[in-house]
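The values are calculated or read from the model by the stated rules, or taken from the named source; none is laboratory data. Everything numeric in this text was worked out from a predicted model, so none of it was measured. Heads up, the Cβs are rebuilt from the backbone with ideal geometry, glycines too, and the neighbour counts pull from every protein chain shown. Protein only, heavy atoms only, side chains kept; ligands, DNA and RNA dropped before computing areas. Shrake-Rupley method; radii C 1.70, N 1.55, O 1.52, S 1.80 Å.
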Amino acid sequence: MLASAPRMRSTPMLEQYWALKREAPDAILLYRLGDFYEMFFEDAETAAPLLGLVLTARHRDSDIEAPMCGIPHHALEGYLARLVAAGKKVAIGEQVEPPGRGKALVARKIVRVVTPGTWADAERLDARRPNELAAFARSDGSAAVAYLDLSAGDFSVTPLPEAAAREQLARRAPRELLLRAEDEPAVKPWLASLGSAAPLVSLLGGDAPAGRAAVDLLKRHFATETLLPFGISEAGPEADAAASLLHYARSTQKSACTHVASLRREPWEEGLVVDSVTAGHLELFRSLRDGGRAGSLVALLDRTGTAFGARTLRRLLERPLGRRAEIEARLSAVEELLEDPSRLSAIAKALSLVPDLPRIAGRLSVGTGTPRDVAGLAEGILAASRVEPLLAGAESDLLRPGGEAWPGGFPLDVAEEVRRRLVPEPPATARDGNLVPDGVDAEVDEVRRLRRESASILAGLEAEERAERGIPTLRVKFNQVFGHVFEVPASARAKVPPDALKRQTLASTERYATPALVQVDEKLRTADARLAEREAELFAALVADVVAATPRLLSATAALGLLDALVSLSEVARSHGWCRPALSEEPVLEVTDGRHPVVEALRPREPFVPNDTSLSPESRVVILTGPNMGGKSTYLRQNALVVLLAHVGSFVPAARATVGLCDRIFTRVGASDSLAQGESTFFVEMAETAHILRQATRRSLVVLDEVGRGTSTFDGLSLAWAIAERLHDGAAGEADAPARVLFATHYHELTELALVKPGVKNRTMAVREWRGEVVFLRKVVEGAADRSYGVQVARLAGIPEPVLTRAREILHNLERQQLDVGGRPRLAERADEPVPSGAQLDLFQGASDVVLDALARLDVDQLTPLAALNVLASLQDRLRGDG
C-alpha cells in the first residue's frame, strides 16, 4: 500500500489524509467524511473487490483525481469483519470534532487499528475459541513466543528452543504474528510450511520495546517492581516477546488495555505434548472429512454453558497435564460432579445464563463497548454469582472454596453500581442518550425536568406577562431564528415595555422577549446537548469504574470457566458411560472394552464393538494386521484418545483403563500431500516418521498406520520392518525404546518380527467369510491376518465386476509366486540382509522358478532344523499348488 502521496496537486484534505496514512502505512485507511468512511488510491483498489463496492473517483479528470470507494458509517462493523477475514489491517480515521461554520477542514485522527489478531467483535468472532495475536523473539539461541487473546485479556508466554518455534506456532495457530525485521528471514520458511494456516505477519516498528525497555513496560503495566511473580526472566526473549505484544495492542487500540491483567508462563514441554500433526490425525479440533468442527473431539466434549468455558475446554485439550497430582485433582472433581446428577444439572443450567464476561470486559477496556455491554456485564456477574452456592459441601480440592474451579470473588459491588447508575434497558449506543436513571445526577434531573415541564414553564411565563402587560391576546411563540418570543397584535405595541428585547416587527404583530424568557429559551434550546454531554460523562465514569474491576472479574471467570469445562466433561462421561482411568508411573496402557468416542457418538444406531489393549515394556510393540475397513485405524486412534483424555483429567471411553503417564503422543496416520512445498505423500510420511524416531522416549505413545505404503512394495516393506525394529530396540538400547507402540500394517510379513523380537505381539482384526461375503467383526484378537480382502472391499465400493475378476486372477498369481518360501519374504531369518533393489514380483514366473530362486538364495548355515523343515514344507506346498 502507498506510504506517501503520489505526485499530484495537494489540497488540505489530501494533506490530512496522507498524514493519517503515514501513521498506518500497512493498513487500509477508512477516512470519515460525513456519514461515510471513504477509501482512496490503492486502499480503494484493494478494498473494493473484497467488499463488493464500485470503484469510483473523486475530482475525476482533474489533477487531483483519486480512486475511491466508501461505506456507510452505520455499517462499519460488518465491512470491518470482511476486511479482517481477508487478512487485512484497517485503520479508522474518525472525525474528532463536529463540523462548524467557517471550518475549512474538520480535525481527524486514527482512533484504532483493527487487525486479524486484535479483532474483538463479539458477533463475528468464534466465541468458542480464542482469537490470538502472537509475537516471536529470540536471543542467543533461545526463543520465546507470547500469545494474547485481546478480546478476553488472556496473556501467556512460552520459552522454547528456537527450532521448536515452528511447531509451537502450528499448534496454537494464531491469527497474526509480530516479528522484528531482522527475524523475518529466519521465520518466513516456517510460515510457508504452514500453508493456509499461516498467520498474518506484522513487522514491529523501531519503537517496539526490547531489553530493559521491555521489562520496564511490563512492570509499569502490571504495577509491579519485578517480573518474578509471573516467572519471567528480566533478561532474554520472554520479556521481549510479551512486551512487544502489549505495546502493539496498546498502540493499535489507542488504549491502556487494562483488562490484560496477568501474564502466564507456559513451558514448552510441560505436560503431555501433542504436536499439530498428531492433533490433526486425531481430529482433536477439526474433522479430517471437511475441516470443520463437527466430528472432532472438542465438538463431542463441548457441553459448556458459557463461551469462555468452551475456550477453557479447548485449552485443556491443547495443553494436557503431565503431573499425576494435577490430573488426579481434575479426575476427582469430574467424578464428584458426575456422582451427583441433580447438582450437575443445576450447575449446568446456571452456567447457561452467564454471558461471555471476559470478552465484554475486553471491549469495554479498549473503548469499543456499548451501554448494553455494561448492562450485560452486570447481569452476567449476578448470574455467575449464583453458581457458587451450588458447590456448597463439595469435597474435591478444585471445587472447595479457594480451589482452582471454585467460582467465588465476582465483583458484585460493580454489578450493583451498574444497576444504580444505568437504566435497565439501555440504548444500543451512548450517542442515543437516555442512559442515566432519574435520581442519580442532579444536573441530569434538572435538564430532564426542564424538558418535561417546558410547556407549563412557558405557559406560566405567558400568563405572568399577559397579566403584567394587560394584553389578553399575548402568546408565547417559537421561531427558528429568534427562539421563544412573546407575540402581541400591532394594536398592543404601546404596551410592550421599553426595556423589552425587540425581536421582530411585522405589520400585524410585534415580537419581543424579556430576560426571563431569554433565560428559559437558552436552557430549552441547549437542553438536549447538555443532557447528552452530561450523560456521556457519567457513562464514561461508569465504564472506568467497571474497567477498574476487570482484574477481579477475570480472575473469577477463569475459575468459572474451568468449572464449566469440568461440568462438560462430567456430563459427557455420564451420558456415554465412560470410566475414571487409573494412573500409573510405569509406561503401560491397559484398556478393557475401549471405544472411539467420536465414532461411537456419530453412529448411535450402530453398536460400537469395544476392544482391549495391553501395552507394557514386556509387550511394547503391537503389530496390527487385518483387512481394509476392518477397524484398524479406529482402534489406533481410540487408544491415543484414551491416553490424551486421561491426561486432560477426563474420564475415558472404556470399561476399565490404566494409563501410564506419557510425555508425548506421536501419530503417523493417513495420507497427505504438501503440494505447495513439492512434497509427496511418501515424503511427508517419512518426514513425520523421522520426527517420531528422533523424538520418542520410553514414556511416549507411538501410533503408526500403514507406514511405507506410499512407495514400491519392497521399499515400503523394508522401511516398515526397519522402523518397527528401531521402535522395539531403541536408539541406544531397550532402556530408551518407546514402551507403547501400535503399528498397523498390510505388510503381513511384519508379523514375523514377533519370532525374533520378544517385545513384539501380533494382533489382527477378526473377519468372517459367509457365502462369498466378508463380514468385518471389528474385534481385535491375537494372531496375524493372512489376507487383506482388498478385492472384496473394492467390490463394496462399486468397482465394476470385470475389473474385480481380473484383479482376482492377478492376486492368485501373486499369492502363488511370492519371492520367498512359505508365502513370506525371508526377513525374519535375516533381517539385516537387504532386499535386492531390483526384486519385484514377476506375475509370469512359474512356481518351479520361484522355488529354485528361493533355494539358490537360502543361507543353509543360518537355518535351524525347525526352520529347515518349515522351508521344505513350504516349497512342497508351492510346487503342489502349481501342479
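Below are the figures for this structure:
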{"item": "Filtered residues of the stretch 696-717 (kept if of a type in the set (Ser, Thr, Tyr) and surrounded by fewer than 19 Cβ atoms within 10 Å (Cβ to Cβ))", "result": "Thr697, Thr711, Ser712, Thr713"}
{"item": "Selection within the stretch 84-131 - basic (Lys, Arg) and open to solvent by less than 10 Å² (accessible area, probe 1.4 Å)", "result": "none"}
{"item": "Every residue from the stretch 775-806 that is on the phi > 0 side of the Ramachandran plot and not charged (D, E, K, R)", "result": "Gly783, Tyr789, Gly798"}
{"item": "Total residues in the stretch 402-443, condition in a loop (DSSP other than H, G, I, E, B), surrounded by 14 or more Cβ atoms within 10 Å (Cβ to Cβ) and of a type in the set (Asp, Glu)", "result": "2"}
{"item": "Of all residues in the stretch 349-368 being more than 18 Å from Thr258 (Cα to Cα) and in a helix (DSSP H, G or I), the one that is most open to solvent (accessible area, probe 1.4 Å)", "result": "Lys349"}
{"item": "Matching residues in the stretch 184-230 - criterion: being in a loop (DSSP other than H, G, I, E, B) and either among the hydrophobic types (A, V, I, L, M, F, W, C) or closer than 13 Å to Ala146 by Cβ (or both)", "result": "Leu194, Ala198, Leu204, Ala208, Pro209, Ala210, Ala223, Leu227"}
{"item": "Index of the failed condition, Ala81 passing every other in (1) within 18 Å of the chain's Cα centre (by Cα); (2) closer than 26 Å to Ser255 by Cα; (3) in contact (Cβ under 8 Å) with a residue 60 or more places away in the chain; (4) open to solvent by less than 30 Å² (accessible area, probe 1.4 Å)", "result": "(3)"}
{"item": "Tally, over the stretch 604-643, of residues that are small (Gly, Ala, Ser), open to solvent by 20 Å² or more (accessible area, probe 1.4 Å) and assigned to a helix (DSSP H, G or I)", "result": "1"}
{"item": "Sole residue being within 24 Å of Arg250 (Cα to Cα), in contact with an Asp or Glu (Cβ under 9 Å, 6 or more places away or on another chain), basic (Lys, Arg) and part of a loop (DSSP other than H, G, I, E, B), chosen from Arg129, Arg124", "result": "Arg124"}
{"item": "Of all residues in the stretch 173-183 being open to solvent by less than 20 Å² (accessible area, probe 1.4 Å) and outside any strand (DSSP E or B), the one that is nearest to Phe285 (Cα to Cα)", "result": "Pro174"}
{"item": "Scan of the stretch 424-438 for residues that are touching an Asp or Glu at 6+ places or on another chain (Cβ under 9 Å) and among the hydrophobic types (A, V, I, L, M, F, W, C), ordered by number", "result": "Ala430, Leu435, Val436"}
{"item": "Single residue of Arg372, Arg324, Arg314, Arg386 found to be in contact (Cβ under 8 Å) with a residue 12 or more places away in the chain, surrounded by 19 or more Cβ atoms within 10 Å (Cβ to Cβ) and of a type in the set (Lys, Arg)", "result": "Arg314"}
{"item": "Cβ pairs under 8 Å, 6+ apart, first in the stretch 687-701 and within 17 Å of Val643 (Cα to Cα), second among the acidic types (Asp, Glu)", "result": "Thr697/Asp663; Thr697/Asp736; Arg698/Asp736; Arg699/Asp663; Ser700/Asp663"}
{"item": "Test set (1) closer than 30 Å to Arg420 by Cα; (2) in a loop (DSSP other than H, G, I, E, B) - Leu450 fails condition number", "result": "(2)"}
{"item": "Subset of the stretch 331-343 (residues that are in a helix (DSSP H, G or I) and either in contact with a strand residue (DSSP E or B) (Cβ under 9 Å, 6 or more places away or on another chain) or open to solvent by 30 Å² or more (accessible area, probe 1.4 Å) (or both))", "result": "Leu331, Ser332, Glu335, Glu336, Leu338, Pro341, Ser342, Arg343"}
{"item": "Matching residues in the stretch 541-555 - criterion: being surrounded by 22 or more Cβ atoms within 10 Å (Cβ to Cβ) and among the polar types (S, T, N, Q)", "result": "Thr550"}
{"item": "Qualifying residue in the stretch 572-583 (condition: under 23 Å from Arg319 (Cβ atoms), over 27 Å from the mean Cα position of the chain (by Cα), surrounded by fewer than 24 Cβ atoms within 10 Å (Cβ to Cβ) and of a type outside the set (A, V, I, L, M, F, W, C))", "result": "yes"}
{"item": "Hits in the stretch 769-797 - residues which are in contact with a strand residue (DSSP E or B) (Cβ under 7 Å, 6 or more places away or on another chain) and among the hydrophobic types (A, V, I, L, M, F, W, C)", "result": "Val774, Val775, Phe776, Leu777, Val780, Val781, Ala784, Ala785"}
{"item": "Qualifying residue in the stretch 244-255 (condition: touching a residue at least 24 places away in the same chain (Cβ under 8 Å), in a loop (DSSP other than H, G, I, E, B) and in contact with a Ser or Thr (Cβ under 7 Å, 6 or more places away or on another chain))", "result": "yes"}
{"item": "Residue among Ala325, Ala346, Ala310 that alone is part of a helix (DSSP H, G or I), more than 30 Å from Glu270 (Cβ to Cβ), modelled with pLDDT of 95 or more and not charged (D, E, K, R)", "result": "Ala346"}
{"item": "Hey, Val157 closer than 16 Å to Gly117 by Cβ, assigned to a helix (DSSP H, G or I), among the β-branched types (Val, Ile, Thr) and more than 13 Å from the chain's Cα centre (by Cα) or not", "result": "no"}
{"item": "Selection count, the stretch 132-152, where residues are outside any strand (DSSP E or B), of a type outside the set (Asp, Glu) and either surrounded by fewer than 24 Cβ atoms within 10 Å (Cβ to Cβ) or without any contact (Cβ under 8 Å) to a residue 12 or more places away in the chain (or both)", "result": "1"}
{"item": "Checking Asp240 against (1) farther than 30 Å from Glu326 by Cα; (2) out of contact with any strand residue (DSSP E or B) (no Cβ under 8 Å at 6 or more places or on another chain); (3) of a type in the set (Asp, Glu), the condition it does not meet", "result": "(2)"}
{"item": "Those residues of the stretch 401-438 which are touching a helix residue (DSSP H, G or I) at 6+ places or on another chain (Cβ under 7 Å) and either closer than 30 Å to Leu331 by Cβ or free of Cβ contacts under 8 Å to residues at least 40 places away in the same chain (or both), in sequence order", "result": "Glu404, Ala405, Trp406, Pro407, Gly408, Gly409, Phe410, Leu412, Ala415, Asp438"}
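For every residue, the table says whether it meets (1) modelled with pLDDT of 90 or more; (2) closer than 26 Å to Arg286 by Cβ; (3) open to solvent by 10 Å² or more (accessible area, probe 1.4 Å).
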residue	(1), (2), (3)
Leu169	no, yes, no
Ala186	no, no, yes
Trp190	no, yes, yes
Ser202	yes, yes, no
Lys219	yes, no, yes
Phe222	yes, no, yes
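Residues are listed down the side, and each one gets a yes or a no for (1) among the aliphatic types (A, V, I, L, M); (2) at pLDDT 95 or above; (3) at positive phi:
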residue: Gln95; (1), (2), (3): no, no, no
residue: Pro116; (1), (2), (3): no, no, no
residue: Asp121; (1), (2), (3): no, no, no
residue: Leu148; (1), (2), (3): yes, yes, no
residue: Ala152; (1), (2), (3): yes, no, no
